[in-house]
Amino acid sequence: MSDLLVIVPTRGRPQSVARIVQAWTETDAWQHAELTFVADEDDPTVEAYKEAFATVALPDPATRGPARLVTADVWRPLVPKLNLAAVTWAEEHFALGFAGDDHLPRTAGWAKRYLDELCEMGTGIVYGNDLYQGDRLPTQWAMTSDIVRALGRMVPADVEHMYCDNSILALGGAAGCIRYLPDVVVEHMHPIAGKAQMDDGYQRVNSARQYASDRVAFLRYGVEQLRADVEAVKTLRTGYLPDGRSTVPGGHMPKHNQPDPEQKLRDERAQAEQAGDTARVAEIDRQLGEMTGEGGQTNL
């Protein structure tokens, strides 16, 4: 099992399977990430998806993470479909990524870079350069799974399709946990960028009605829910809840990013000192003394 799972919700574009798999192979992504396409069982092209996936040229399984095609029972808008998949797999991976079926990674090593950045952050979100929006919007991204588990969803705003990237940017920016990687290119092959033909799916989600509906939902999120979500993510970023329990169980964190036990005690001590809990401070000092071979007060 890989630390990073990238979820690609898709409908009506079975030809995207081969393009995305080829792009992953050309950018050495398979050693560091798993790929899951999420189609719809009621999609008229669902059989074409199954055939495309069965015949696509995947690398040797011994040299790559798993790739799979799963089908949802019925059509759902992109965001509800993505959120359902993310919550389903959040317990199994350190990080989850989103890409559209029109995103193609171009930079070799992008998956490893995403993981390296997220491991350094501990809790956070990263996104690359899509060669259209650039740093303005994360049209694709990866985030640590603890955010999904804490919020109960991947896209924070209750939108269907549009403004999902705006809400990711709003959450990450306000919580101070989003990082743009300009040298990591994941190209967005979108009609508005002049890189694809308009089809029924693009027309539906880019309609004036869809924009208006999702804009209202996004603005409502900013007023009613963003602050609470930011506080939840900030709690994750400290590494520990007020009672000292870790917010990231070891099973969800890459082995090379496991917290240092001594650092955990030092963090707990700082919290206890701030709270004026002198008994807890003294107890932690004792534990640190035993751990470091020193007695009494430990320098912080």
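The values are calculated or read from the model by the stated rules, or taken from the named source; none is laboratory data. Bear in mind the structure is a predicted one, so any value in this text is a computation, not a measurement. Reconstructed Cβ throughout: ideal geometry from the backbone, glycine too, with neighbour counts over all protein chains shown. To get the accessible areas, we keep the full protein, side chains included, count just its heavy atoms, and leave off ligands, DNA and RNA. Shrake-Rupley method; radii C 1.70, N 1.55, O 1.52, S 1.80 Å.
The condition of being within 18 Å of the chain's Cα centre (by Cα) and within 26 Å of ALA175 (Cα to Cα) holds for only one of ALA99, ALA67, that being ALA99.
Residues considered: VAL159, VAL155, VAL223, VAL184. Of these, the only one that is at pLDDT 95 or above and in contact with a Cys (Cβ under 9 Å, 6 or more places away or on another chain) is VAL155.
Every condition in (1) of a type outside the set (Ser, Thr, Tyr); (2) surrounded by fewer than 17 Cβ atoms within 10 Å (Cβ to Cβ); (3) over 19 Å from the mean Cα position of the chain (by Cα); (4) more than 25 Å from ASP214 (Cβ to Cβ) is met by ALA23 except one, and the failing one is (2).
Among the residues of the range 74-90, those that are open to solvent by 20 Å² or more (accessible area, probe 1.4 Å) and touching a strand residue (DSSP E or B) at 6+ places or on another chain (Cβ under 8 Å) comprise VAL74, TRP75, ARG76, LEU78, LEU84, TRP89. Scanning the range 143-163 for residues that are in contact with a strand residue (DSSP E or B) (Cβ under 9 Å, 6 or more places away or on another chain) and either open to solvent by 10 Å² or more (accessible area, probe 1.4 Å) or not in a loop (DSSP other than H, G, I, E, B) (or both) returns MET143, THR144, SER145, ILE147, VAL148. When the range 229-275 is filtered for residues that are at pLDDT 60 or above, among the hydrophobic types (A, V, I, L, M, F, W, C) and under 19 Å from the mean Cα position of the chain (by Cα), the ones remaining, listed by number, are VAL230, ALA232, VAL233, LEU236. For the range 27-44, the tally of residues that are open to solvent by 40 Å² or more (accessible area, probe 1.4 Å) and in contact with a helix residue (DSSP H, G or I) (Cβ under 9 Å, 6 or more places away or on another chain) stands at 3.
Residues in the range 165-204 that are of a type in the set (Asp, Glu), open to solvent by 40 Å² or more (accessible area, probe 1.4 Å) and under 21 Å from ALA108 (Cα atoms): ASP183 only. Apart from one condition, ASP130 fits all of (1) crowded, with 18+ Cβ neighbours inside 10 Å; (2) of a type in the set (Asp, Glu); (3) more than 12 Å from VAL184 (Cβ to Cβ); (4) without any contact (Cβ under 8 Å) to a residue 60 or more places away in the chain; the exception is (3). For the range 61-73, filtered to residues that are farther than 20 Å from HIS32 by Cα and of a type outside the set (A, V, I, L, M), the residue that is least open to solvent (accessible area, probe 1.4 Å) is THR71. The C-beta contact set for the range 146-159 (first residue farther than 17 Å from ARG220 by Cα and in contact (Cβ under 8 Å) with a residue 60 or more places away in the chain, second residue of a type in the set (Ser, Thr, Tyr) and surrounded by fewer than 24 Cβ atoms within 10 Å (Cβ to Cβ), distance under 8 angstrom, 6+ apart or interchain) comprises ASP146/THR123; ASP146/THR247; ILE147/THR123; ALA150/THR235; ALA150/THR247.
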